[in-house]
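Here, each number is a calculation from the coordinates, and none is a lab measurement. Keep in mind that what you see is a predicted model, and the values were worked out from it rather than measured. We place every Cβ from the backbone using ideal geometry, glycine too, and count neighbours over all the protein chains shown.
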Amino acid sequence: MPWCERCSQFRESDVVSEAGECPGCGSVIVTKRKSPWRFRVMVALTTVYLSYRLVQGIMWLSHHA
Ligand SMILES: [Zn+2]
């Protein structure tokens, strides 16, 4: 359960706003996880690599058909 320093109270997770703010004083008490950009970069690189391999495969097929 998130603890609000300013109110010196525990706040239920379901009353904490979407931005992680305390309903009593509005200070941010829950640090939301940042978007996993490393994962997105990995997915993007994998997609690029697979596209490259696909193009290579198509080129190979067109040359050996
Ligand atoms: Zn508060």
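If amide hydrogens are placed 1.01 Å from N in the peptide plane, which non-local residues have theirs closer than 5 Å to the one on Q9?
When sequence neighbours closer than 5 places are left aside, the close amide H contacts are C4.
Using Cα atoms only, what is the angle between the long axis of helix 37-64 and the major principal axis of the chain, expressed in degrees (0 to 90) to the nearest 10?
The helix 37-64 is inclined about 10 degrees to the chain.
Based on the mean of other Cβ atoms within 10 Å per residue, sort peptides 17-26, 41-50, 56-65 so the most packed one is first.
Order by mean packing, descending: 17-26, 41-50, 56-65.
Using a 4.7 Å cut-off between beta carbons, which cysteines in the chain end up with no partner cysteine at all?
Isolated Cys, the chain: C25.
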